[in-house]
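Inspection log for the structure reproduced underneath, given as structure tokens.
What follows is calculated from the coordinates using simple rules that are stated; it is not laboratory data. Everything numeric in this text was worked out from a predicted model, so none of it was measured. Cβ coordinates were reconstructed from backbone atoms using ideal geometry, including for glycine residues, and neighbour counts include every protein chain displayed.
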Amino acid sequence: MNQFWNKWTGLLLLFFLFNACAGSKNVNYKNPKSVSLAFCKALADNDYERAKQMGTAQTIEVISLLQNLNDLLSEEEKQRAKEAGAKQLKLLKKASCVLEQDSKEELASCQTCCDEEGAFNTAPITLKKENNQWLVHITKESLD
């Protein structure tokens, strides 16, 4: 009987540990800063599926193209990209957003931070509010 309780206690501990780790990846979709940081972290980590969850339909198309291009890289190039992404992940600490009120839609322009000196060094990311959630909005046309 004692072994039975030890197994259940161990399983419960694993469950709570897993939920605590999984919970750290929660994104507050009501906050454009939270979405933009989580999106950049997902891309820096080459987690394309997670990045797609934070994007509009147009963004999902662009990320799919990026994913296909990444699949064409050699293993050496993938490793270099992964190392660069790991370096970028360490620097992603905060975001700054400006809300724009259009007559048709709510948009936000966000920049993630930082380089080694703490300066914003990234191009702004556009977010669009859909169904009361902020989602990254990147179109093929906006990449030009």
> Modelled label-to-label distance, Glu141 and Glu106, 7 Å Cα→beta-carbon offset: nm?
Replying inline: 2.4 nm
> What list of ³J(HN,Hα) values in whole Hz, one per residue of the stretch 129-144 in order, does the Karplus curve 6.51 cos²θ - 1.76 cosθ + 1.60 (θ = phi - 60°) give from phi, with Gly and Pro shown as x?
Replying inline: 8, 10, 6, 6, 10, 7, 10, 5, 10, 10, 10, 4, 5, 6, 7, 5
> Hey, which lysines would be in cross-link range of Lys140, C-alpha to C-alpha under 16 Å, not counting anything within fewer than 8 residues on its own chain?
Replying inline: Lys52, Lys128
